[in-house]
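Student: Below is a structure I'd like to ask you about.
Please treat every number below as a calculation from the coordinates, not as lab data. Because the structure is predicted, anything quoted here is derived from the model rather than measured. When we count neighbours, we look across all protein chains shown, and the Cβ atoms used for this are built from the backbone with ideal geometry, even at glycine.
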Amino acid sequence: MIISIIVAMDENGGIGVENRLPWHLPDDLKRFKSLTMGHHLIIGRRTFESIGKPLPGRKLIVLSSNNSLTGLGEIKVAANLNDALSIAASQAETEVFIGGGREVFQTALPLTERIYLTIVHTISDANVFFPPISWSEWEQLAVEDHDIDEKHIFSFTYKILQRKTDKN
Ligand SMILES: NC(=O)c1ccc[n+]([C@@H]2O[C@H](COP(=O)([O-])OP(=O)(O)OC[C@H]3O[C@@H](n4cnc5c(N)ncnc54)[C@H](OP(=O)(O)O)[C@@H]3O)[C@@H](O)[C@H]2O)c1
């Protein structure tokens, strides 16, 4: 099972402000949807509260130490990342997505093999940041630019990064 992070960050690594995204980029949300569709998606309790609803077609696992978080229907709650990964692995998942926020990215990063990254070409008012990462340990598998248009006030770049192995 591949463990993949999916994240959008600004040029300072900013990812969130006041428990929401600092931007509205519909095409990035569409990409998020198509990449994660049909897969397990692990997110933190605060990110879940920010989304505020189930994500159709995604097998959502919310990380929380609060075991009274119930009544979420099909959405599973896991007390730690290992339990969440075990749930995904037990259901023959091929690629599990780590959807943030910062706290979950930080825990998952050492286990992560692939990062679906969107770099938003701005410095936003974010006050939540992606955890420190050594970019030199990652090789770029794909890159695609998205220009400013009537629906996107910032340009952005999609990248797919793979953790380098000892061989490369
Ligand atoms: N730009 C992006 O791609 C992106 C993606 C996702 C989120 N965000 C942004 O990031 C911000 C939220 O990030 P955040 O770091 O504040 O919160 P978060 O990671 O979404 O949620 C933190 C909470 O998740 C639970 N949790 C996290 N790690 C856990 C672990 N290993 N085991 C058990 N429970 C765990 C805890 O819940 P309990 O307190 O209930 O124990 C913790 O308080 C928001 O602004 C959001 O919009 C941005």
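Student: Along the Cα-to-C-beta direction of Ser134, a point sits 7 Å from the Cα; which residues of segment 90-121 have their amide N less than 14 Å from that point?
Tutor: 110-111
Student: Name the longest site-free stretch of the chain, where the excluded sites are trypsin sites (Lys or Arg not before Pro) in a DSSP loop with no more than 13 other beta-carbon atoms within 10 Å.
Tutor: Numbers: sites that count: Lys151, Lys164, Lys167.
Answer - 1-150.
Student: Residue farthest toward the positive end of the dipole of the chain, with Cβ of Lys/Arg at +1 and Asp/Glu at -1: which of Ser134, Thr122, Thr112?
Tutor: Thr112
Student: Here is a follow-up. Let me check against my output: what whole-number percent is the relative contact order of the chain, with C-alpha pairs under 8 Å and at least 6 apart?
Tutor: Working: 317 pairs, mean separation 55.3, N = 168.
This gives 33 percent for the chain.
Student: Note down the net charge around Phe156, summing +1 for each Lys or Arg and -1 for each Asp or Glu among other residues with Cβ under 14 Å from its Cβ.
Tutor: Values: positive: Lys30, Arg31, Lys151, Lys159; negative: Asp10, Glu11, Asp27, Asp28, Glu144, Asp145, Asp147, Asp149.
Once positives and negatives cancel, what remains is -4.
Student: Summing Lys, Arg as +1 and Asp, Glu as -1, what charge do residues with Cβ under 9 Å from the Cβ of Val120 carry, Val120 excluded? It would help to have the intermediate numbers written out before the result.
Tutor: Numbers: positive: none; negative: Asp10, Glu11, Asp28.
Charge balance near Val120 sits at -3.
Student: How much FRET efficiency would the formula 1/(1 + (r/R0)^6) give for Thr94 and Asp145, where r is the Cβ-Cβ distance and R0 is 25 Å, rounded to 0.05? Don't jump to the answer; show the numbers that get you there.
Tutor: On the way: r = 28 Å, r/R0 = 1.14.
In this case the efficiency is close to 0.30.
Student: For the chain, how many pairs of lysine residues have a Cα-Cα distance under 18 Å, where the two are 8 or more positions apart or belong to different chains?
Tutor: Within the chain, the lysine pair count is 10.
Student: Classify segment 122-168 as rounded, prolate or oblate from the Cα gyration tensor: take a ≥ b ≥ c as the square roots of its eigenvalues, call it rounded if a/c is under 1.5, otherwise prolate when a/b beats b/c and oblate if not. Spell out each step's value before the answer.
Tutor: Values: a/c = 4.90, a/b = 1.59, b/c = 3.09.
Because a/c hits 1.5 or more and a/b fails to exceed b/c, segment 122-168 counts as oblate.
Student: Going by the alpha-carbon gyration tensor, a ≥ b ≥ c the square roots of its eigenvalues, is the chain rounded (a/c under 1.5) or, if a/c is not under 1.5, prolate (a/b greater than b/c) versus oblate?
Tutor: Taking the square roots of the gyration eigenvalues as a ≥ b ≥ c, the chain is oblate.
Student: So in segment 2-163, what percent of DSSP beta bridges are antiparallel if you round to the nearest 5?
Tutor: Bridges in segment 2-163 are about 50 percent antiparallel.
Student: Hey, another quick one. Can you give the FRET efficiency for Met1 and Lys33, using 1/(1 + (r/R0)^6), R0 = 25 Å, r = Cβ-Cβ distance, to the nearest 0.05? Display every interim value, and only then the final one.
Tutor: On the way: r = 21 Å, r/R0 = 0.83.
It comes to 0.75.
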